[in-house]
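Beneath this line is the structure, given in structure tokens, with notes to follow.
The values are calculated or read from the model by the stated rules, or taken from the named source; none is laboratory data. Keep in mind that this is a model prediction, so the values were computed, not measured. Every residue, glycine as well, gets a Cβ built from its backbone with ideal geometry; the counts of neighbours run over all protein chains shown. Just so you know, the surface numbers come from the protein's heavy atoms only, side chains and all, with ligands and any DNA or RNA stripped out. Shrake-Rupley method; radii C 1.70, N 1.55, O 1.52, S 1.80 Å.
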Amino acid sequence: MKKKVLFVATVLRGHVLVFHLPYMRWFQQQGYEVHLACRNDTGEAAPEVPYCDRYYDLPFERSPFHRGNVDVYRRLKKIIDENGYAAVHCHTPVGGMLARLCARKARKQGTKVIYTAHGFHFFTGAPLKNWLLYYPAEWLLSHWTDLLITINREDEARARRFAAKQVALVGGVGVDLSRFDPPANRRQVREMLGLAQDAKVIIAVGEHSKRKNHETILRAAALLKHVRVLLCGWGEGLESLKALAEELGIAHRVFFLGFRSDVPVVLRAADVYVFPSLHEGLPVALMEAMAAGLPCVASDVRGCNDLIVPEEGGFLVEPMDHKAMAAAVTDLLSDEAMRSRMGRYNRMAMEQYTLPTVLEQMAALYRQLLKEE
């Protein structure tokens, strides 16, 4: 009889399909039967999930206080109690909370519980309510965690104060460098986007939300005369960003490109990548910019300061300081040699965050925990 493993996350399209398929595939290759529990957010009645032997569509709610999660708890506990899993690997705050609560009985029978923290909600500079709510919750849940995986140094240091049997730091979810090779033709990409070949161009990729803080980019751009701004992404903040661009008198220099499935191509049009996020775990968008060989100006916050080495791969600035951001971008745009040097450094730095490297790290942790050879 095959051993079984269960992956748990809040949503399918927005999390599992983006981040976890390589790890589900690894378990299948080791002879495990792979189960998955998450909410179907694809819009398809019966989505096909690669590397998944059995899919449980559970209506997880993002808020831990939503009454709908009570029903999810009952259903998930039944699934875990009846299947005799060798391991349960849970992700996302609510998925991680419910799975660890549901697996308490199974742990006594040998099931190993793994939780990946993709960025604790309590962090340096976080609101007091986050610390009052999430820190005690994570501390309590750590008592029912065999392996707590973190993806940045700040979270790792805090996790080591908890009661999890083992804490590990891994390089995020892995970046597929093959998507950036060979690099797209810069001239052709600029032509496609309607940009002059000699234009100075900065770019940002991410959801248009308060957390991603694209407003600071626009305020910095107002100080950067003639610089073109590419914003890739979507979100509820789009219209307010467009209004701010109009208010600042830079709408003619800002290109809202929407959601892009060809980010490695679009990045080739830019000279500098900007990333003013208010908080992060280990940002994939920033890692992809580095993989594309771009110098970066990023927020000096958790996750970003794990990736960007000041003066080597770019500059770190306070998230809301648009003047400091503008000054850093100006320095980079005025020095092509520095841009090239920093871009090469970033590309080399990404070698330790490649998908094969991170998958190898995870495989070693899985084997150690499950006593596999």
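Give the shape of the stretch 227-268 as rounded, prolate or oblate, defined through the alpha-carbon gyration tensor: a ≥ b ≥ c are the square roots of its eigenvalues, a/c under 1.5 means rounded, and otherwise the shape is prolate if a/b is larger than b/c and oblate if not.
Oblate, because a/c is 1.5 or more while a/b does not exceed b/c.
Out of residues 5 or more away from Thr42 or on other chains, whose amide H comes under 5 Å of its own, with H placed 1.01 Å from N in the peptide plane?
Under 5 Å from the amide H of Thr42: Arg13.
Out of Ser63, Met325, Leu169, whose Cα points farthest toward the positive end of the dipole of the chain (charges: +1 Lys, Arg; -1 Asp, Glu; placed on Cβ)?
The Cα lying farthest towards the positive end belongs to Ser63.
Over the stretch 190-294, calculate the relative contact order: mean separation of alpha carbon pairs under 8 Å at least 6 apart, over the residue count, as a percent. Present the calculation step by step, with values, prior to reporting the outcome.
Values: 144 pairs, mean separation 36.3, N = 105.
Reported relative contact order: 35 percent.
Peptides 309-316, 283-290, 41-48: what's the order by average Cβ count within 10 Å, highest mean first?
Values: 309-316: 18.6, 283-290: 24.5, 41-48: 10.9.
Those peptides, ordered most packed to least, come out 283-290, 309-316, 41-48.
Quickly rank 124-132, 331-339, 353-361 as a protection proxy: mean count of other C-beta atoms within 10 Å, highest first. All intermediate terms of the calculation are to be shown ahead of the outcome.
Values: 124-132: 11.4, 331-339: 14.7, 353-361: 17.0.
The most tightly packed comes first, giving 353-361, 331-339, 124-132.
Tell me the Kirkwood radius of the stretch 182-325: reciprocal of the mean inverse pair distance over distinct alpha-carbon atoms, in Å.
Values: mean 1/r = 0.0665 Å⁻¹.
Computed over the stretch 182-325, the radius equals 15.0 Å.
Using the alpha-carbon centroid of each, what span in Å lies between the stretch 54-69 and the stretch 266-280?
If we compute the Cα centre of each part, the gap is 33 Å.
What do you reckon, how do Phe65, Phe123, Phe19 stack up by accessible area (1.4 Å probe), largest on top? Mind showing how you got there, number by number?
Working: Phe65 145, Phe123 20, Phe19 50 Å².
Largest to smallest exposure gives the sequence Phe65, Phe19, Phe123.
Could you pull the Rg and Dmax for the stretch 37-143, using just the Cα atoms, both in Å?
Final numbers for Rg and Dmax: 14.8, 42 Å.
Quick check: with the 1.4 Å probe, what order do Leu17, Leu244 take by accessible area, largest first? Spell out each step's value before the answer.
On the way: Leu17 65, Leu244 15 Å².
Ranked from most to least accessible, the order is Leu17, Leu244.
Please give the residues of the stretch 176-196, grouped as numeric ranges, whose backbone N is less than 16 Å from a label point set 7 Å along the Cα-to-Cβ vector of Arg25.
The answer is 176-180.
In square angstrom, rounded to the nearest 10, how much accessible surface does Arg160 have for a 1.4 Å probe?
Accessible area of Arg160: about 140 Å².
Could you work out [θ]222 nm for the chain from helices alone, using -39500 (n - 2.57) per DSSP H run of at least four and dividing by all its residues? Round to the nearest 500 deg cm²/dmol.
On the way: 15 runs with 146 residues, N = 373.
Only helices count here, giving -11500 deg cm²/dmol.
Ignoring ligands, DNA and RNA, what percent of the 1.4 Å accessible area of the stretch 143-290 is carbon and sulfur?
Values: 3190 of 6400 Å².
The nonpolar share, carbon plus sulfur, comes to 50 percent.
According to the square roots a ≥ b ≥ c of the eigenvalues of the Cα gyration tensor, what is the shape class of the stretch 49-88, taking rounded for a/c under 1.5, prolate for a/b larger than b/c otherwise, and oblate for the remainder?
Details: a/c = 2.56, a/b = 1.53, b/c = 1.67.
Here the stretch 49-88 falls in the oblate category.
Could you report the accessible area of Tyr55 in Å², rounded to 10, computed with a 1.4 Å probe on the protein chains as they sit in the structure?
Tyr55 has an accessible surface of roughly 60 Å² with all protein chains in place.
Modelled label-to-label distance, Arg260 and Asp57, 7 Å Cα→beta-carbon offset: nm?
About 3.4 nm separates the two model spin labels.
Rounded to whole Å, give me the distance from the Cα center of the stretch 103-168 to that of the stretch 3-42.
Centre-to-centre distance over Cα atoms comes out at 20 Å.
On a 1.4 Å probe surface of the protein chains, which of Arg211, Arg107, Arg13 comes out largest in accessible area, and what is the full order? Could the numbers behind the result be given before it?
On the way: Arg211 85, Arg107 55, Arg13 135 Å².
Reading off the accessible areas and sorting them downward yields Arg13, Arg211, Arg107.
With a 1.4 Å probe and all protein chains left in place, how much accessible area per residue does the stretch 63-135 have, in Å²? Show your work: numbers first, answer last.
Numbers: 3490 Å² over 73 residues.
Per residue, the stretch 63-135 has 48 Å² of solvent-accessible surface.
Quick one: which of Lys225/Lys323; Lys112/Lys165; Lys3/Lys371; Lys129/Lys323; Lys105/Lys371; Lys4/Lys105 span more than 19 angstrom between C-alpha atoms?
Working: Lys225/Lys323 13 Å; Lys112/Lys165 11 Å; Lys3/Lys371 13 Å; Lys129/Lys323 30 Å; Lys105/Lys371 21 Å; Lys4/Lys105 17 Å.
Too far apart for the 19 Å limit: Lys129/Lys323; Lys105/Lys371.
Solvent-accessible area per residue for the stretch 1-41 at a 1.4 Å probe radius, Å²?
Here the per-residue accessible area is 38 Å².
State the extension gain, in nm to one decimal, for the chain segment bounded by Ala45 and Met320, taking 0.36 nm per residue of separation less the distance between their alpha-carbons.
Details: separation 275, 0.36 × 275 = 99.00 nm, distance 4.24 nm.
So the chain would gain 94.8 nm between Ala45 and Met320.
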